[in-house]
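Below is one structure, written out as structure tokens; comments come after it.
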Amino acid sequence: MYIQSWSTVVAESLQNLWFDVMAFFPTLIGAIIIFVIGIIVASALGTLVGKIVSVLKIDEGLRKLGVEKYFDRAGINMDSAKFCDRVVFWFLVVAFLLAATDILKFYALSAFLTDVLSYIPNIIIAVLILLAAIVLANLSEKIVRGSVMSARLHAAKFLGALTWYSITIFGFLAALVQLNVATTIINTVITGIIAMVALAGGIAFGIGGKDYASHLIAKFRDKIED
């Protein structure tokens, strides 16, 4: 009697499992179909965006602005068309994968993919910030060098390099803030750098310009008393 009851329980369990699998199977097929369609759509739209960017000749403009050499130093081939193609492709792939996981009710995976999708715009904005910083740094370096040399002052190369590194570093820090990477630490570092520069300037003026400052104060006091 016990053997019969156990066999009945096992049979019912296997039967219920089979019914659950058969009920889940159409949902799984539907999710796979949606994901496959998503890959096809992502590939087509990615290729289209890549061709549009290629027609706009963004790479030529970046080369004229002197950005390519920094990509070469990093061992990266500058190809904005391919970059935009891949960004659109993977964005849509993750979006359709999110739809598939929602259908399958994989809520933990869906939450993770949602976070990934919401983070991708931050990456794009950070890349644009870095590009803008490098372009602005190059232009500013040339302007500073030209201005110093035209005024026949010394250290034109040093001042130009200082301008370039200052803008580039702040652009890099701004990109990290956009990526939410150690935001508190970066804000503290920026505040510390500004305070350090102000303190150094005050000390330098206090030590080196003490006599001149006294002269200006005395001159101002004489004018007030007169």
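The values are calculated or read from the model by the stated rules, or taken from the named source; none is laboratory data. What you see is a predicted model; the values in this text were computed from it and never measured. For neighbour counting, all protein chains shown are included, and Cβ atoms are generated from backbone atoms with ideal geometry for every residue, glycine included.
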Open item on the list: If I go through the stretch 156-178 residue by residue, how many of them are in contact (Cβ under 8 Å) with a residue 24 or more places away in the chain and either among the charged types (D, E, K, R) or over 25 Å from GLY146 (Cα atoms) (or both)?
Closed with: 5
Open item on the list: Among the listed residues ALA23, ALA11, ALA111, ALA100, identify the single one that is of a type in the set (A, V, I, L, M, F, W, C), at pLDDT 80 or above and surrounded by fewer than 17 Cβ atoms within 10 Å (Cβ to Cβ).
Closed with: ALA111
Task: Selection within the stretch 151-165 - within 19 Å of ILE134 (Cα to Cα) and not charged (D, E, K, R) - done: PHE158, LEU159, GLY160, ALA161, LEU162, THR163, TRP164, TYR165
Open item on the list: Checking the structure you have, find out if any residue of the stretch 106-120 is closer than 24 Å to ARG63 by Cβ, in a helix (DSSP H, G or I) and within 14 Å of the chain's Cα centre (by Cα).
Closed with: no
Task: The lone exception for LEU136 - which of (1) exposed (fewer than 15 other Cβ atoms within 10 Å of the Cβ); (2) of a type outside the set (D, E, K, R); (3) at negative phi it fails - done: (1)
TODO: Determine whether ARG63 is among the charged types (D, E, K, R) and touching a residue at least 24 places away in the same chain (Cβ under 8 Å).
DONE: no
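For the stretch 140-162, which positions are among the polar types (S, T, N, Q) and surrounded by 12 or more Cβ atoms within 10 Å (Cβ to Cβ)?
The answer is SER140, SER147.
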